[in-house]
Amino acid sequence: MNRFIFLSGLIILVFLASLCLAGIPKLINYQGMLTQPDGTTPVSDGNYNLTFKIYGSAGGTDSLWWEYHSNVQVTHGLFNVILGSVTTLNLPFNTSYWLGIRVGSDAELSPRIQLTSVGYAYRAKIADSATVAVSAPTGGGWTDDGTVVRLETGSDKVMIGTGSPAEKLHVNGDIRLWSGGDIAFGDDNTRIYETGGDLVLTANDDIFLWPDDDIYIAADGGSNWIHFDQGNQRLGIGTTNPTSRLEVNGDIEVRDDDWIGIGSSSERIIFDASNNDIELMDANVGIGTTSPTSRLEVNGDIEVRDDDWIGIGSSYERIIFDNTSHDIELMGADVGIGTTAPLTTTHVRGSSLSLPSGAIHYDEFILEDADAILGLYSGTSGPAGSAITFGEVAGGALVDKWSILRETTGGGKGLRIAYGTNKDQFLNPTMMYLNTSGRVVCSELQLTGGSDVAEPFEMKEPNKIEPGMVVVIDPDNPGKLKVSTKAYDRCVAGIVSGAGGIKPGVRMMSDRSFENNHHVALTGRVYALCDASFGSIEPGDLLTTSPTSGYAMKVTDYRRAQGAILGKAMTKLDKGQGLVSVLVTLQ
């Protein structure tokens, strides 16, 4: 509730903050009165929720302590609470403090109330500044010479949280050392201290651990990951159940300027960081097998990674895995995959077919399966530079062979497709030839996509163009076309190709690219949008532009049709609008 509440009260300190006598309670008895905004009328009787805060200033936000009292009984405006009964008052009370009060969810009352001491509290100042106790027990105990506080006799002990100390200092509870503090042993540098969140243990000599049982090391709140098994003298890293002297569940990285040997003097593994070697002395290595019969036996896959190379075989015939040049090199031998008798540098066999040597001609790579073969050839002499061959074999003999051949620079650098029964692909007849200027030469070319010849044109309003529309030359935009809008237009250019689901048979493209272009059929057969409201259309009728935008119509005025004829109708349209097959013949 948002209202002003004026408060008056009496604070009684019932503890002396500077004294360290455990029997004195750290409590403040606070009595106050809640009034209406007029400052005199008490609030209604009832229970109120009050929040109390102690600050180090009269108007700052430096809250040092707070506690919440619920259901505080208020009678005639008066209430009484014990501060410190909910949250311990741990302030030293060696400086000025101000008390702030909030009723329910209202804003804190203003101004804050400065805490003051009662008369007898001034007596506490004597104990806070005294160098000698006014009345102290004799015969041992604490003494303070102004520099050092110490126990008087060697048999004295300090106990915290216990009544029966077993050592010189016996603490029943936690001990906290703030940053910069440490625990020292003797007068040397043997000590335990904290720095940057780390616990550091230093010693001028050895450090011994003599546990009666096992030692575990774990992350804060996590599971154990190092286990010293004291009974069996075993060490587990990444496992809490080591079965050998050292068991590691994870990776091991060995770094040393010398070497580490595992095994006896005659049979051992050496990790030699000086020479960057891992050496196996007088033993076989089995990977994936427990009974290797050679120096290295691998039962599984092998992945080779190195900055140099690994050679397997003699100096003349060997396999090199070269990671510097990213190569796998086979020196002085053919490769057979699926065959023990390769016919060329690389021979891959996918079935049991026996390929006759008479089926290939200088092929450097052969892939065979059943009755089909694929060959690759590359050369620099003569007119043939490289080739891909596709052959068929039956009854141990070559049936026929297709070849794609690329000529050398001296041979013309063209690409030709050859077919025949000769194993020498270069002697088989040429079926098609493609030269470097893009010209294709062949004896016959058959197109099965469409039946018109179309060329792309830029359109005035490309978004309004549809396949089958009749377009004319746009006199206002040279080189562009637009949709026809009048009858017998001598600027007629053609029909937009693609209507009726039939794509252009031949598309003529120039080196120049056009934006917003559409392919226009200039000749051939294509579907066109026609309007029969100007006369029914029969096969053989001449067609021209119509008043309907983008539509053709039947020619009825032959005098006006001269120069405006689009083509001849090949199908009929009795009435209305629709698609008509047109043989495009511009006249």
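Given R₀ = 45 Å, what would the calculated FRET efficiency be for Ile207 paired with Thr153, taking r from the Cβ atoms and rounding to 0.05?
It comes to 0.85.
Please list the non-local residues whose amide H lies under 5 Å from the amide H of Ser549, H modeled 1.01 Å from N, same-chain partners needing a gap of 5 or more.
none
Show me, for the stretch 87-96, the HN-Hα J-couplings you get by feeding each phi into the Karplus relation (A = 6.51, B = -1.76, C = 1.60, θ = phi - 60°), rounded to Hz, glycine and proline as x.
For the stretch 87-96, the Karplus curve yields 10, 4, 7, 9, 7, x, 6, 10, 8, 7 Hz.
Modelled label-to-label distance, Ile417 and Thr88, 7 Å Cα→beta-carbon offset: nm?
In this crude label model, Ile417 to Thr88 measures out at 9.4 nm.
For each of Leu201, Leu27, count neighbouring Cβ atoms within 10 Å of the residue's Cβ, then give the residues from fewest to most.
Details: Leu201 10, Leu27 16.
So the residues, fewest neighbours to most, are Leu201, Leu27.
Fewest to most neighbouring Cβ within 10 Å: what's the order for Asp541, Asp206, Asp156?
Sorted ascending by nearby Cβ count, the order is Asp206, Asp156, Asp541.
Taking amide H atoms as placed 1.01 Å from N in the peptide plane, list the residues 5 or more away in sequence, or in a different chain, whose amide H sits under 5 Å from that of Gly567.
Counting only residues 5 or more places away or on other chains, the set is Leu543, Thr585.
With charges only on Cβ, +1 for K and R and -1 for D and E, what is the dipole size of the stretch 473-572 about its Cα centre, in debye, rounded to 20?
180 debye
Would you mind putting 39-45, 287-293 in packing order, based on average other-beta-carbon counts within 10 Å, highest first? Please list the in-between numbers first.
Values: 39-45: 11.9, 287-293: 10.3.
The most tightly packed comes first, giving 39-45, 287-293.
Apply the Karplus parameterisation 6.51 cos²θ - 1.76 cosθ + 1.60, with θ equal to phi minus 60°, to every residue of the stretch 284-295 and state each ³J(HN,Hα) to the nearest whole Hz, in sequence, with x for glycine and proline.
For the stretch 284-295, the Karplus-derived couplings read 8, 10, x, 10, x, 8, 9, 10, x, 9, 9, 4 Hz, x marking Gly and Pro.
Restricting to the stretch 454-497, what percent of DSSP beta bridges are antiparallel, rounded to 5?
75 percent
In the stretch 452-585, what percentage of the DSSP-assigned beta bridges are antiparallel, given to the nearest 5?
Antiparallel bridges: around 85 percent, rounded to the nearest 5.
What order do you get for 49-61, 414-426 when each peptide is scored by the mean count of other beta carbon atoms within 10 Å, highest first?
414-426, 49-61
Between Ala397 and Thr556, what FRET efficiency comes out of the Förster formula 1/(1 + (r/R0)^6) with R0 = 60 Å and r the beta carbon distance, rounded to 0.05?
The formula returns an efficiency of 0.25 here.
If you stretched the chain out fully between Val335 and Glu194, how much longer would it get, using 0.36 nm times the residue separation minus the C-alpha to C-alpha distance?
Separation in residues times 0.36 nm, less the Cα-Cα distance, equals 44.1 nm.
Check cross-link reach from Lys464 to the lysines: straight Cα distance under 19 Å, and skip same-chain residues fewer than eight apart.
In chain and number order, the partners are Lys480, Lys482, Lys486.
Name the residues whose placed amide hydrogens come within less than 5 Å of the amide hydrogen of Asp452, ignoring near sequence neighbours (fewer than 5 apart) on the same chain.
Gly505, Val506, Arg525
I'd like the Karplus ³J(HN,Hα) series for the stretch 481-491: coefficients 6.51, -1.76, 1.60, θ = phi - 60°, whole numbers in Hz, and an x wherever there's a Gly or Pro.
10, 8, 6, 5, 9, 9, 7, 6, 7, 6, 8
Test of understanding: ordering Glu458, Glu167 by Cβ neighbours within 10 Å, fewest first, what list do you get?
Glu167, Glu458
The numbers here are math on the coordinates, done by the rules we state, and not lab data. None of these values were measured; they are calculated from a predicted model. With ideal geometry, Cβ positions are generated from the backbone for all residues, glycine too; neighbour counts draw on all protein chains shown.
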